[in-house]
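Remarks on the structure that follows.
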């Protein structure tokens, strides 16, 4: 057996590990979306209050709109050759945004409040400025995960359901943990810690994409070396015309 050949059990283990990694990424992003949504209401409360139109109208509305944009962007990126690299960079960018958010919450909210837009439209604009970008980037994960898990059209529905179910369960867990425990801690430190986790996760994805690309290049080089050369290796007793 050639040293570079892979047995069927090894392929099965590789596919299971790949599936687990993709679902973990989807779950992590589902957690952070819900965590940020709940903490977002706490962030805006000192400036615009905690009325229904702030929590339900502004924060939840902006997250729904941003997720829809992220789903579209993720679906478009999923068919690109560099989709893994794009996802890793996107998560790192979202993490960087969250790490920097505690430093521009006050100037953004105070600046919008001083324009006289009022609590309703002011909270909506503040939500869009603060949470729109990271939520769009996190929303790209689910369609990419479905695309990477799907090898045939017959499995697309099952894979989509699996990704959405796991991501939603993780969102539920993030909702409960954040609402029951994390809100009791420093909101700004929690946001920074979440951003740091996203940066690390995105960096791992970028590194894995680079290693995967390097492995593909080496495999192509090996195939070119092992490919038969025309006119060589034929019947030694037969001369070429």
Q. Most exposed first by the Cβ proxy, i.e. fewest other Cβ within 10 Å, how do 106, 35 rank?
A. 106, 35
Q) So how tilted is helix 187-226 from the main axis of the chain? Cα-based, degrees 0 to 90, rounded to 10. A) 10
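For n ≥ 4 DSSP H runs only, could you compute -39500 (n - 2.57) per run for the chain, divide by its residues and tell me the 222 nm figure to the nearest 500?
Details: 7 runs with 186 residues, N = 241.
Here the helix-only value at 222 nm equals -27500 deg cm²/dmol.
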Q: On a C-alpha basis, how far is the centre of the stretch 146-208 from the centre of the stretch 15-92 in Å? Whole number, if you could?
A: 8
Q. Roughly what angle does helix 83-114 make with the longest principal axis of the chain, taking Cα atoms, 0 to 90 degrees, to the nearest 10?
A. 10
Q | Calculated P(r) of the stretch 105-203 - Cα pairs past 23 Å, % | A | 47
**Q.** Kirkwood hydrodynamic radius (C-alpha pairs) into Stokes-Einstein, the chain, 4 °C and 1.567 mPa s, D in µm²/s
**A.** 64
Q: Any chance you could give the angle, 0 to 90 degrees and rounded to 10, that helix 61-77 forms with the longest Cα principal axis of the chain?
A: 10
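So for each of 125-138, 70-83 I average, over its residues, the number of other beta carbons within 10 Å; can you give me the resulting order with the highest mean first?
Values: 125-138: 22.4, 70-83: 15.9.
Going from most to least packed, we get 125-138, 70-83.
Give the order of 178, 115, 168 when sorted by the count of other beta carbons within 10 angstrom, beginning with the fewest. Present the calculation step by step, with values, prior to reporting the outcome.
Numbers: 178 23, 115 11, 168 15.
Ranked by crowding around the Cβ, least crowded first: 115, 168, 178.
When the chain is fully extended, how far beyond the present Cα-Cα distance does residue 214 get from residue 179, taking 0.36 nm per residue of separation?
Details: separation 35, 0.36 × 35 = 12.60 nm, distance 4.33 nm.
Contour length minus Cα-Cα distance gives 8.3 nm.
We did not get these values from a lab; they are worked out from the coordinates using the rules stated. It should be emphasised that the depicted structure is a prediction, and the values quoted were computed from it without experimental measurement. Positions of Cβ are backbone-derived with ideal geometry, glycine not excepted, and every protein chain shown enters the neighbour counts.
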